[in-house]
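Read through the structure below, which is laid out as structure tokens, and then see the notes.
The values are calculated or read from the model by the stated rules, or taken from the named source; none is laboratory data. What you see is a predicted model; the values in this text were computed from it and never measured. Here the Cβ positions follow ideal geometry from the backbone for every residue, glycine too, while neighbour counts run over all protein chains shown.
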Amino acid sequence: MNRKHWQDREGHPPVDLLLLHLEGELDGNAPDAVGVHVSQCASCQASCDQLERGISRFTAFCDSVVTPAPVSGAMALRERLLAAQVKSAPHPVIARIRDLFRFDPPRRFAFASGCASVCLLVWLVVFLGSPRQSVYASQLLSDARSASDSLLAQSKVLNQKVRLRRGSLVIERSVHHGRQTPLQAQDSSVDDHLQTELDQAHINLDDPLNANDFAAWRAGEREHTDTVKETAQGVTITTRVSGDAITEGSLTLSRSGWRPIARSVALRGEAPIEISEVSYDISDSAPVISEYSTASSSPRATTDLGTPAAGAGVSTSELEVAELDLREAFHSMGADVSAAPRIWRSEQTVFFRAFPENPKQMHAIEDAANRIAHVKEAGTQFERMPNPEQPSPSASHSAASPLGNALERKLGSAQAADDFLDSLRNRSAHVIAEAAALDQLGKRYPVDAMKTFPPDLQARVNTLASSLFSSLQRDSAVYLQALSPVLDEIAKERDITASNEDTGNLPGCLHWQENAALAAPQLRNIAKDVSLLSGPSQTGKPEALTTDQILADSLRTRSFLEWHLTSTCQLFSAN
Amino acid sequence: MARAPQGWNNHPGVVLSLTGSDQPMMDEHLAAYVSGLYEEHHGSLLRHLILSGSSAPEAEDLIQEGFLRLFRHLGSGQKVDNPRSWLLRVLHNLRIDEFRKHKREFALDRPEFECMVAQMRTKGPDAEAQVIAQEQQARVQKAIGKLAPRQYQYLLLRAEGLKLREIAEMFRVTVQTVSESCAKAMLELGRLGDES
């Protein structure tokens, strides 16, 4: 961007050039000209300040929007991606044919001689295509089940309004997956004949879009052929059968989340039964513990689905114990911090996913999980994944930065300052991981939910939390002891004092769950501040804070953190 | 930051191997990579779409569709330098399609949006600070509500870290147009404190 002659016309650069100057997006000779002018012009500096305030207010407004938790997690997405790839990836035979058609010089002969075999290959594709579609259909139904379980595990309720249409007959129902659907009035318009057909198609009027019912019907048909088609609405599985009454059934899953959104049944010589979703929303439900016992209103299919049938007799309390066993196992090997495990439950299984540090830890986790009943590792295989709480690669500090400058003076060399900052980063990453693990435990076992637990489980959760909290207190103290002297020194030089008034307004104490929830972001804030104080100057960026502001924020956050680490009410007594 | 598999998307050989015998392994790696990006960016993309006028379920659908497109895009051997910018562009187009389909326009003062806007963050349960922050937030929200839809979209994308040049390319306008529009809006918001 280079607007010439602005000086001649108005004497000041127009505001859009000032913004481009602040954003560092001016090109040509403009950066120098605008920069020189702004540095000498109080009016333009004031405009720049106003622009910076504007964008930081807008950013703060955006940050204040709290987003709901994801409906389906990354694992569900991953399964969906793989399923999509299975469908979209060309069959190896087709890929080979495509290669032949590329007419690369070395392949001309192959193309010419292969023409005759193309027909045979096409026939093979057709021949093999049918079982492939069937496998894909089964996979889709399994995904639908997993998505439903995933919602339940997050204590979410899927509320659907569905419409059943058969000729001129229209029936509407409200269905709540994850909560017992209230008994609905018997519809007098459903005569015995229709009821028989619904029963044959495994359609429960109280939940007519249940994927498990469709799977059960499909599995019950000995001879069936599947086709899977992707439409604008979603993915439709159509199953043709050779029955006397029903000739075809189809189920459509939404393109995201694998939610069943439509189902149809084609009947020999009669109008089809069509069921479709009218509207849906997802709401929070009561705690998981109370939901599991009343999760599904219709029987689970016993085949085609990836997990064992429901009603197999796994009680909520057994799952609770299994989950706690798993959490204790992770804690005993330190993996609850270092491997950042994610643990969640379906109706009959405790799932987990971890980020092991090394193969040894990976095997230890697998061994421990194998010893606990009802526990299953999510996904098909363990693989090395980046731990979200791992520190980022170290970088040299900026000698011109306040922290870099102070450290070089204190430690005598730039190398020593870099080493110190590296060690600080590692400590910071470790305590953040500890706080995140404790926070996760607190969110899984909130104060109110703990009250409903049997005393022995309460004691086990408290012991686990106590151990994690002690480690967090100890390691945070070491981290702050290393950081504080240099932070205080810079603050003293700049005449910034830590105010104790802020923590004075806090209550006497908080539950460990609340303290854990606050300590984790505070530790992240401090790490971010340290990074800002040791990095290159941020001046010029609209959202940049001054060094004094960052320092004041660090000192304030440190006061709060120290308070939260030492002010836990009724320390780990049974709630 | 989700790390791409070693050499992923930079090496033509990797792309070619997608059609070979290594396909399941590469699919698995690519899916893991895209899932990692999903974990990393889901929250901010969801917030962006909600702020852009989508409801939470709509936004979830769009995000899933966006990541599926990214997966297919990368799977077909094409390169994406900055997945986040790429996703923002795709989501922007998907959202416009969605709005056109339902003949809907974005309004900042719709009730469900009000519910989603949380209280301004404050450190510590200081009631007075919270009241002040809420008042300030209400002023900011009112001022944002008066912005032209285009201005608002530019600012949203700018707040997501896109450069003005990238925003201009996305909307097929000149950088000067975006810069002027953003600057006016920023000045309006920046002046809020002076008026009170």
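Some points to look at:
- Restricting attention to region B:165-192 and to residues that are more than 7 Å from every other protein chain (Cβ to nearest Cβ), free of Cβ contacts under 8 Å to residues at least 12 places away in the same chain and in a helix (DSSP H, G or I), the residue that is surrounded by the fewest Cβ atoms within 10 Å (Cβ to Cβ) turns out to be B:169.
- Within region A:142-177, the set of residues being basic (Lys, Arg) and touching a residue at least 60 places away in the same chain (Cβ under 8 Å) comprises A:145, A:156, A:161, A:163, A:165, A:166.
- Count - residues of region B:76-87 that are modelled with pLDDT under 90 and surrounded by 21 or more Cβ atoms within 10 Å (Cβ to Cβ): 1
Listed here are the residues, each with its yes/no results for (1) of a type in the set (A, V, I, L, M, F, W, C); (2) modelled with pLDDT of 80 or more; (3) closer than 15 Å to residue A:444 by Cα; (4) not assigned by TED's automatic domain parsing to the domain that holds residue A:369.
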residue	(1), (2), (3), (4)
A:285	no, no, yes, yes
A:293	no, no, no, yes
A:298	no, no, no, yes
A:335	yes, yes, no, no
A:338	no, yes, no, no
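- Residue among B:54, B:85, B:44, B:35 that alone is among the polar types (S, T, N, Q), outside the structural domain of residue B:156 (by TED's automatic domain parsing) and in a loop (DSSP other than H, G, I, E, B): B:54
- Condition check for residue A:435: modelled with pLDDT of 85 or more and assigned to a helix (DSSP H, G or I): yes
- Region A:228-255 - residue that is surrounded by 18 or more Cβ atoms within 10 Å (Cβ to Cβ) and among the polar types (S, T, N, Q) and, of those, farthest from residue B:101 (Cα to Cα): A:239
- All conditions but one from (1) within 9 Å of chain A (Cβ to nearest Cβ); (2) modelled with pLDDT of 80 or more apply to residue B:33; the one that does not is (1).
- Against the list (1) free of Cβ contacts under 8 Å to residues at least 12 places away in the same chain; (2) loosely packed, with under 13 Cβ neighbours inside 10 Å, the condition residue A:411 fails is (2).
- Looking across region A:5-30 at every residue that is modelled with pLDDT under 65 and surrounded by 11 or more Cβ atoms within 10 Å (Cβ to Cβ), the one that is farthest from the other protein chains (Cβ to nearest Cβ) is identified as A:7.
- Flag for residue A:465 being surrounded by 18 or more Cβ atoms within 10 Å (Cβ to Cβ) and closer than 15 Å to residue A:340 by Cβ: no
- Filter pass, residue A:236 being hydroxyl-bearing (Ser, Thr, Tyr) and at pLDDT 85 or above: yes
- Any hit, region A:214-227, residues being surrounded by 18 or more Cβ atoms within 10 Å (Cβ to Cβ), modelled with pLDDT under 85, away from every other protein chain (no Cβ under 14 Å) and part of a strand (DSSP E or B): yes
- Residue within region B:149-157 that is within 10 Å of chain A (Cβ to nearest Cβ), surrounded by 16 or more Cβ atoms within 10 Å (Cβ to Cβ) and either closer than 17 Å to residue A:22 by Cα or more than 19 Å from the chain's Cα centre (by Cα) (or both) present: yes
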